[in-house]
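Every read-out reported here was derived from the displayed coordinates using simple, explicitly stated rules and does not represent laboratory data. Predicted model, so just to flag it, every value in this text is computed and none were measured. Please note: Cβ atoms are built from the backbone with ideal geometry, for glycine as well, and neighbour counts cover all protein chains shown.
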């Protein structure tokens, strides 16, 4: 977990807590929001020392080591990818108590009603008799768009959820990355609990910040109370 502190031209201070797992927590000291930004976090961790911050009024532009540009909106606590043709526009987002980003995605997907597809949909309905787009994907897509996510971000999130929902126990995990090593460790712990019919366990690091919990057939790794990773990723396999 890395922290990036930003001060806008009008002296609004915002802190970004960036996780290698693809989530970014944005806080102004009173409010907090979490966003799934795998493209942003991947580029950030390539070379954190090369990150350039350019303050603006109620916002700031972040230039990452891969050349991509992102805008932090201090009023709405949202990060959007900058465009070359238009000035960043703050996206209004409903304020709500902070919850783990993963839990927010699951909750809003379950509560949302499916929306009619249109030309702006990231996931389109299949043609020529092919299976239709799952209802959960349409609902999740609509909710993410209403929360201020860009089409690119929505496409990445839905692709990740679709991949995770198809994951089986004998899946191949790339342990050459920190994320893969963590997921592999959680999988091995999950197998052990299943083998010995353990229904619940919990362990906490000496400083109290890291926590491993097994409940309802899922292993959770938490940091400062926030879910960083879990196995199985979606649902119980």
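Full extension of the segment from residue 216 to residue 159, taken as 0.36 nm per residue of separation minus the current Cα-Cα distance, would add 18.0 nm. Shape of the stretch 178-231 from its Cα gyration tensor (a ≥ b ≥ c, root eigenvalues): rounded if a/c is under 1.5, otherwise prolate when a/b > b/c, or oblate? Oblate is the answer for the stretch 178-231, as a/c is 1.5 or above yet b/c matches or exceeds a/b. How would the stretch 2-81 be classified by its alpha-carbon gyration tensor: rounded, prolate or oblate, with rounded meaning a/c under 1.5 and the a/b versus b/c comparison settling the rest? Note, shape of the stretch 2-81 comes out oblate. What is the Cα centroid distance between the stretch 33-60 and the stretch 186-237, reported in whole angstrom? Computed from Cα coordinates, the inter-centre distance equals 29 Å. Estimated from the Cβ-Cβ distance and a Förster radius of 25 angstrom, the FRET efficiency linking residue 5 and residue 207 is about 0.70.
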